[in-house]
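A short reminder: the numbers here are calculations on the coordinates, not readings from a lab. Model, not experiment: these values are computed from the prediction. FYI the Cβ positions are ideal-geometry reconstructions off the backbone, even for glycines, and counts take in every protein chain you see.
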Amino acid sequence: MAANKEHKIVITTDGKETIALLYRGRTVVESAVSKCNPEDTFDFVTEASLAFDRLVKEVTKKAEFTPDKGKFAKYQEHFNV
């Protein structure tokens, strides 16, 4: 999937479940979820990071992208960050 101005990632939460959505225009093309263990204290940054990492992993897997240049390089190259 080539990056362009129509791509965006939106991360939302209800305090228990955090969802990362990848949009192309107005269409959701991929999503990932992170759920906080009921015994843990919810932390948005931690849960958002987990959801984002899972989203990127799923997208790169589907794109048959080879992540051999390090974590940030993988994101930068694939999402044109």
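Just a few scattered comments:
- For the stretch 17-55, the list of GluC sites (Glu not before Pro) that fall in a loop by DSSP and count at most 13 other C-beta atoms within 10 angstrom reads GLU39.
- For HIS7, residues with placed amide H under 5 Å, excluding near neighbours: GLY25
- Net charge over other residues, Cβ less than 10 angstrom from the Cβ of TYR23 (K, R count +1; D, E count -1): +1
- Distance in nm between pseudo-label sites at THR12 and LYS57 (7 Å out along the Cβ direction from Cα): 2.4 nm
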